1. Would you mind classifying region 1-48 by shape? Square roots of the alpha carbon gyration tensor eigenvalues, ordered a ≥ b ≥ c; an a/c under 1.5 is rounded, otherwise it is prolate if a/b is larger than b/c and oblate if not.
2. Sort by residue number and report every cysteine in the chain with no other cysteine beta carbon within a distance under 4.7 Å.
3. Count the DSSP beta bridges whose two residues both fall in the chain, then state the antiparallel fraction as a percent rounded to the nearest 5.
4. For the chain, what's the relative contact order in percent, using C-alpha pairs closer than 8 Å and at least 6 residues apart?
5. Need the C-alpha centroid separation for region 90-127 versus region 19-45, integer Å.
6. GNM on the chain, C-alpha springs below 10 Å: top fluctuator among Gln17, Gln127, Gln97?
7. Using a cut-off of 17 Å between alpha-carbon atoms, which lysines can reach Lys104, once sequence neighbours fewer than 8 places away in the same chain are excluded?
Amino acid sequence: MRKRPSWDEYFMGIALQVAKRSTCDRAHVGAIIVKDRRILTTGYNGSPSGLPHCDDVGHLMVDGHCVRTLHAEQNAIIQAAYHGVSVHDGILYVTHQPCLTCAKMIINAGVKRVVYAGTYPDNLARQFLAEAGVGLQHFPLGDELREAVAHRPERGEAPDL
């Protein structure tokens, strides 16, 4: 008899699929926001609508970060706002730990829990989420899924998984 995936496994698997749409190859990141076990929105890292993608024209690097793209969490929250969908008390599943800017957006959007796979070295983001009472749970991936969210390090950076 097959083992049915838990809800966290199920939704993280979908976030991994969403990450495949990413248009910045430094890190393919996917996010989904769920409420009452229903998917509200999805997002992946990519350029604003109508602007060129990293995959097409290259990265726009500032202080070691590509600034051409929006983060997956940002796009998921923006999609909710665009379509008039409340994410208050929702759960965000994301393939990487949110950065500080995304953490602040998550807090203000009213998301109550974040489940993430790959790590990201941003202790301030973790601190802000904790202070705001947003649950932050690491979801370790099996070896077969690690490549799907692998950060593409540049200039001597260490991988973050």
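Computed from the coordinates by the stated procedures, all read-outs in this text should not be read as laboratory data. Keep in mind it's a predicted model, so treat the numbers as computed, not measured. A quick note on method: Cβ atoms are made from the backbone with ideal geometry, for glycine too, and the neighbour counts reach across all protein chains shown.
1. oblate
2. Cys66, Cys99, Cys102
3. Approximately 60 percent, going by the DSSP bridge assignments.
4. Relative contact order comes out at 20 percent.
5. 13 Å
6. Highest fluctuation among the options: Gln127.
7. Filter leaves Lys112.
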